[in-house]
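Right, one structure below, let's go through it.
The values are calculated or read from the model by the stated rules, or taken from the named source; none is laboratory data. Only a predicted model underlies this, so the values are computations on that prediction, with no experimental measurement involved. Virtual Cβ from ideal backbone geometry, glycine too; neighbours counted across all protein chains shown. Heads up: the accessible areas ignore ligands, DNA and RNA and are worked out on the full protein's heavy atoms, side chains in. Shrake-Rupley method; radii C 1.70, N 1.55, O 1.52, S 1.80 Å.
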Amino acid sequence: MISQVPAGGPVESPDGQAQWPVRAGVLPPLADGFSTRPESAPRLGAALVPGTAVVLVPGRGAGAGSRDWLGSCGKTQLAAFFAESLWRSREIDLLVWVSATSRASVLAMYAEAALAALGTDPTADAEAIAERFVSWLGETRRRWLVVLDGLSGAADLTGLWPAGPAGQLLITAPSPAVLPAEHRALVLPVVAFSSREALSYLMGRLTADPDQRLGAIDLVEDLGCEPLALAQASGVIATSSLSCRDYQGYFTARRDELATTAGSKPPAAAVSWLFSVEQADRLAPGGAAQPVLSLAALLDGHGMPATLFSSPAAGAYLVPDGAPAAAAREQAWNTLPILERTALLALDRSVSPPAVRMSPVIQAAIRAVMPDAMRDRAVRAAADALAEVWPASEPPWLGAMLRSCTAS
């Protein structure tokens, strides 16, 4: 077992392999306008103490039909802020961030953490490495935090549940139902912004032209303080000449149309994402917005290498009429920041290659409206792009990302 880290700073483990403190995995960057949400967020610091597990799930504020849209409530952002805060304050010796959308991704990140902390053989069997790592977590006196982001199924954690008196486990999940029945955890719902938080967020996102803030209070109320809807509305307003009042008028009319068709009023984000797509179409060169979105909707929204979108396969899919491959790849690359500004995805530029992240609810919405022929072509292009960009020698975090995208 690795000895307790002294207050003086990082030390080598007895086998000379590890340098402490140890960090594995890539945390998503905090979004533009991120708020600690003092009025609406769970108090993680009080709930998550050594020896405990906490699960962040969406707070259900509406009917069952809207649950998917309300699921994009900022769970991952809160988890990232909490984890980074513990790391910077040196309250933990080991931080492991895992995209838990597939068992392959969990195994890959456990292997990276085990290599860094224990000096394990990277060529050994992944299941055996993970078993050793989980066993070590249960015995060590080193302070650790493992974050399992986007846990999608209990089977993915069979034999991989981290627990130990010195550690803390933080999970984000779409529902408590995905948790393994044999393990106990404190479930904390993450609800929408408070009215004050929502208004502060919207005003903070609209700083270039103060006139665009006209009608902000009414727009916040109409959007139900939903974090995703506010991000998308502010993205469209900031990239246009609209004011909050203008956007509210368009939003109300579109929501009423959808309510007439569906028989009930949809959540705000079920409407706002449509305006974001339309604005991205107007801004993106050569009509690349929707094809890029269709590719992204098929991969793991918790992280996909941006190089996938500039691969030859992606270029051929985006511009199938014989345009030069280099031009097609450049077009895709230029489209990603536009989709970020309209709050349809996020770019993490702190890693190389940059990582693309996308809300699972937006992915599901895009897949639901894709014609069969478009989906079939996009699936083949995504598979070919993965094969093209997969490096012979892969950084562990990139390997985990590629495997998770493949499973997706």
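Laid out as a table, the results:
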| read-out | value |
| --- | --- |
| Accessible solvent surface per residue of the chain, calculated while the other protein chains remain in place, 1.4 angstrom probe, Å² | 43 |
| Inter-label distance, nm, simple model (7 Å from Cα along the C-beta direction), Ser194/Ala259 | 2.8 |
| Rounded to whole Å, sorted largest first: equivalent-ellipsoid semi-axes of the chain, Cα gyration tensor | 37, 27, 19 |
| Mean Cα-pair separation over length for the stretch 269-408, i.e. relative contact order, pairs under 8 Å, 6 or more apart, % | 35 |
| Principal axis dimensions, the stretch 159-222 - Cα atoms, whole angstrom, descending | 55, 24, 17 |
| The chain: angle of helix 269-283 to the longest principal axis, Cα-based, in degrees nearest 10 | 70 |
| Prolate/oblate/rounded call for the stretch 319-401, Cα gyration tensor, a/c under 1.5 rounded | rounded |
| D (Stokes-Einstein, µm²/s), Kirkwood Cα radius, the stretch 49-159, 1.567 mPa s at 4 °C | 84 |
| Over the chain, relative contact order from alpha-carbon pairs under 8 Å, at least 6 apart, % | 18 |
| For the chain, built as a Gaussian network whose Cα springs stay under 10 Å, the top-fluctuating residue of Ile362, Ile217, Ile171 | Ile217 |
| Heavy-atom accessible surface of the stretch 244-327: percent carbon and sulfur, 1.4 Å | 56 |
| Cα long-axis angle, helix 195-205 against the chain (0 to 90 degrees, to the nearest 10) | 80 |
| Degrees, to the nearest 10: 244-262 long Cα axis against longest axis of the chain | 90 |
| Coil-residue GluC sites (Glu not before Pro) of the stretch 152-238, DSSP, other Cβ within 10 Å capped at 15 | Glu182 |
| In the stretch 329-371, the trypsin sites (Lys or Arg not before Pro) that fall in loop regions by DSSP, at most 13 other Cβ within 10 Å | Arg349 |
| Selection from Ser152, Ala130, Gly263, by position along the positive dipole direction of the chain (Cβ) | Gly263 |
| Sulfur and carbon atoms: percent of accessible area, the stretch 184-232 [1.4 Å] | 56 |
| Signed unit charges on C-beta, dipole axis of the stretch 269-362, positive-most listed residue Tyr317, Leu295, Ser352 | Ser352 |
| Contour minus Cα-Cα distance for Arg367 and Asp121 (0.36 nm per residue) | 84.6 nm |
| Value at 222 nm in deg cm²/dmol, rounded to 500, when DSSP H runs of n ≥ 4 in the chain each add -39,500 (n - 2.57) | -14000 deg cm²/dmol |
| Rounded D (µm²/s) - the stretch 194-315, Kirkwood Rh over Cα pairs, Stokes-Einstein at 4 °C, 1.567 mPa s | 82 |
| Within the chain: Cβ-based charge dipole about Cα centre, in debye rounded to nearest 20 (Lys, Arg +1; Asp, Glu -1) | 620 |
| Lys/Arg +1, Asp/Glu -1 at C-beta; the chain dipole; positive extreme among Ala108, Cys244, Ala407 | Cys244 |
